[in-house]
Amino acid sequence: MRRENEKPLIEVRDLVQTIGTQQVLRGFSLPVYRGETLVLLGKSGGGKSVFLRHLIGLMRPISGEIFVEGEPITALSERQLEPIRRKIGMVFQDGALFDSMRVCDNVAFPLRERGERDEEKIAAKVAESLALVNMTGHDQKMPVNLSGGMRKRVALARAIISPPDVILYDEPTAGLDPIVSDSINRLIRRLQRQLAVTSIVVTHDMTSCYHIADRVALLNEGRVHFYGTVEELRSVEDPVIRDFVDGRSDEAE
Amino acid sequence: MGFATLLGGILLSFCTYFGQVAELAAETFRSIFAGRIRVSLTLRQISEIGFGSQLVVIVTGAFTGAVFTAQTFFQFANLNMESAVGPVISVAMCRELGPVLAGLMVAGRVGAAMSAELGTMKVTQQIDALRALAVHPVDYLVVPRALGMLISMPLLVAECIFFGIAAGYLMATQVLGVGSAYYLLNMYKFTEGEDILMGITKGFFFALIIVFISCREGLYARDGAVGVGRATTEAVVIASLAVLISNFFLTMGLNIIFPAG
């Protein structure tokens, strides 16, 4: 796996961020290349979701810089960020569906906001998008009547209805049964192959990681502790990485 | 030292708060003038705010008008000035009671609903989801509410005034036995267009105060359900107080444009 000379699509340099009194990112740097799926591993509360929120300007770093296609984005205003956000979709951890709208209106939201008025076309795309996440037949329900996993899948359908160049997934398989998890993994793979979507996936799920990752980054103590391919991850001997990957806590028995 | 620090702190947080509300208002008006208006959402807000608030505004206006008439009558009757009750009621309803009562009722009913809805959206990341989908929360959430308020509030004020005066008239003529012709004649004689205009103008200002304070509270909500509860309480309390305090200054200021009497 290639392309050390290629310019990254997204480049993160020395990101620093604190939440309350805790410094969650301490000089976090990461390149993301076009068309690849990068899996970001790390402990719960370690700043992975916080990092994702920076990529679309939902949070601003204390210091450091993020470049999207070479353009620095951390100093952009809310309105200047809009073109960037059209290119980068995000699937939130618990879906963040609009609870005043039915499932179908949630999924259709990005289309309608971009000026699509042809209701037949919208309905067809919504049906297609819901079918991709195995949620056909739930389109008239309200989000409060869905389970956590279903909400997550609807959120995914909303993110891919007009596919962006980059999709950020915040724990897409957490809390899902293994079969649905597998279908989500396949979907992430398929979007990458068919539409050349670049994906950044935050997860704890090692099965999912092995299934979808082109590259893996491990976040530890606010920095990237490991960055490499899945094969390199399997063979590396570093105890921090091995404990995480093999699922061992350092507590004494 | 301690007192100065406390006073400085209060002043600073007041300025910060005022700045946040003003910034929200400025962003909203920029969006409105740039034409970023969602008509269907605005219509929904008009129905929600305007149509939905009618009952409380009418009941409040009517019953206040009726008791105000009764008390004024009891005092004026001692002076044999029963027929002067009409203009007192109508001028007071137009200039002060109508706008303030409607403002307070709307601050309670609509302000609470707005801050709770926006606050819940904030703490459940729905506002972040809007931003992530390249939709500005001010365009989508605040602009329709602000327009809804600006359109509904003057009408609600007018309704409150009308029902207050009507209830006062019925109270005076049907219950207290004031002659209808005298009551109406004096009322028309001393009530002028300026009185009504002043009430309606106040309605516009109260609409702005209520909508921006409530939306600010919702958009800045944090800490889950407790935070939404706090935001809602603050929205109602601050908006109500702001209506009452600004009413004083509006009366002073508008009296120059629409002089009384």
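Read the figures in this text as sums done on the coordinates, not as results from a lab. Bear in mind that the values here come from a model prediction, so they are computed numbers and not experimental data. Don't worry about glycine lacking a Cβ; one is built from the backbone with ideal geometry, like all the others, and counts go over all protein chains shown.
List the GluC sites (Glu not before Pro) in region A:88-154 that DSSP assigns to loop (not H, G, I, E or B) and whose Cβ has at most 16 other Cβ atoms within 10 Å. Which are they? Write down the numbers at each step before the final one.
On the way: sites: A:Glu113, A:Glu116, A:Glu119, A:Glu120, A:Glu128; in loops: A:Glu116.
When the GluC sites (Glu not before Pro) of region A:88-154 are filtered for loop state and at most 16 Cβ neighbours within 10 Å, A:Glu116 remain.
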Inter-label distance for B:Leu12 and A:Asp14, nm, one decimal - labels placed 7 Å from Cα along Cα-to-Cβ
3.0 nm
Taking the dipole about the Cα centre of chain A, with the C-beta of Lys and Arg at +1 and of Asp and Glu at -1, give me whichever of A:Ile73, A:Ser63, A:Val180 is farthest to the positive side.
A:Ile73
Rounded to the nearest 20 Debye, what is the dipole magnitude of the protein assembly as shown about its Cα centre when Lys and Arg each give +1 and Asp and Glu each give -1 at the C-beta?
700 debye
Residues of A:103-110, mean number of Cβ from any other protein chain within 10 Å of their own Cβ, rounded to a whole number?
1
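What does the charge count around B:Pro154 come to, taking other residues whose C-beta lies under 15 Å from its C-beta (Lys +1, Arg +1, Asp -1, Glu -1)? Intermediate results must be reported in sequence, preceding the final value.
Working: positive: B:Arg95, B:Lys202; negative: B:Glu159, B:Asp195.
Surrounding charge for B:Pro154 is 0.
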Most exposed to least, judged by fewest other Cβ atoms within 10 Å, B:Cys94, A:Cys209 sort to A:Cys209, B:Cys94
Convex hull volume of region B:52-152 per residue (C-alpha atoms, cubic angstrom):
92 Å³
Which helices, taking whole DSSP H runs in chain B, have alpha carbons extending 24 angstrom or more along the helix axis plus mean Kyte-Doolittle at least 1.0?
B:2-33, B:54-78, B:143-170, B:193-219, B:224-257
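Arrange the following residues from fewest to most other Cβ atoms within 10 Å of their Cβ: A:Phe98, B:Phe63, B:Phe74.
With the sparsest Cβ surroundings first, the list reads B:Phe74, B:Phe63, A:Phe98.
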I want to check the label-to-label distance for A:Ile62 and B:Val59. Put each point 7 Å from Cα in the C-beta direction and report it in nm to one decimal.
5.3 nm
Give a residue-ordered list of calculated ³J(HN,Hα) values for region A:6-15 (Karplus: 6.51 cos²θ - 1.76 cosθ + 1.60, θ = phi - 60°; whole Hz; x for Gly, Pro).
6, 6, x, 5, 10, 10, 10, 10, 6, 6
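All other residues with a Cβ under 15 Å from the Cβ of B:Arg216 taken together, and with Lys, Arg as +1 and Asp, Glu as -1, what is their net charge?
Values: positive: B:Lys122, B:Arg145, B:Arg222, B:Arg230; negative: B:Glu23, B:Glu27, B:Glu117, B:Glu217, B:Glu234.
Local charge sum for B:Arg216: -1.
Evaluate peptide B:118-125: per residue, the Cβ atoms of other protein chains within 10 Å of its Cβ; return the mean as an integer. Please list the in-between numbers first.
On the way: counts 0, 0, 2, 4, 0, 0, 7, 9.
Across B:118-125, the average partner-chain Cβ count within 10 Å equals 3.
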Rounded to whole Hz, the Karplus (6.51, -1.76, 1.60) HN-Hα couplings of region A:213-225, x for glycine and proline
6, 8, 9, 10, 10, 10, 8, 9, 6, x, 10, 7, 8
In terms of the alpha carbon gyration tensor, root eigenvalues a ≥ b ≥ c, rounded if a/c is under 1.5 and otherwise prolate when a/b exceeds b/c or oblate, the protein assembly as shown is prolate
Step through the residues of region B:127-133 one at a time and calculate ³J(HN,Hα) from phi using the Karplus curve (6.51 cos²θ - 1.76 cosθ + 1.60, θ = phi - 60°), rounding each to whole Hz and writing x for Gly and Pro.
6, 4, 5, 4, 4, 5, 8
DSSP bridge orientation in chain A - percent antiparallel, rounded to nearest 5:
55 percent
Count neighbours as other Cβ atoms within 10 Å of each site's Cβ, and list the trypsin sites (Lys or Arg not before Pro) in region B:206-261 that are DSSP loop with at most 14 such neighbours.
B:Arg222
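Could you list the trypsin sites (Lys or Arg not before Pro) in region A:131-169 that lie in coil according to DSSP, counting only those with at most 10 other Cβ atoms within 10 Å of their Cβ?
Listed in order of number, the matching sites amount to none.
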Residues of type aspartates and glutamates that A:Lys152 reaches as a straight line, Cα spacing below 12 Å, ignoring anything fewer than 8 places off in the same chain
A:Asp94, A:Asp170, A:Glu171
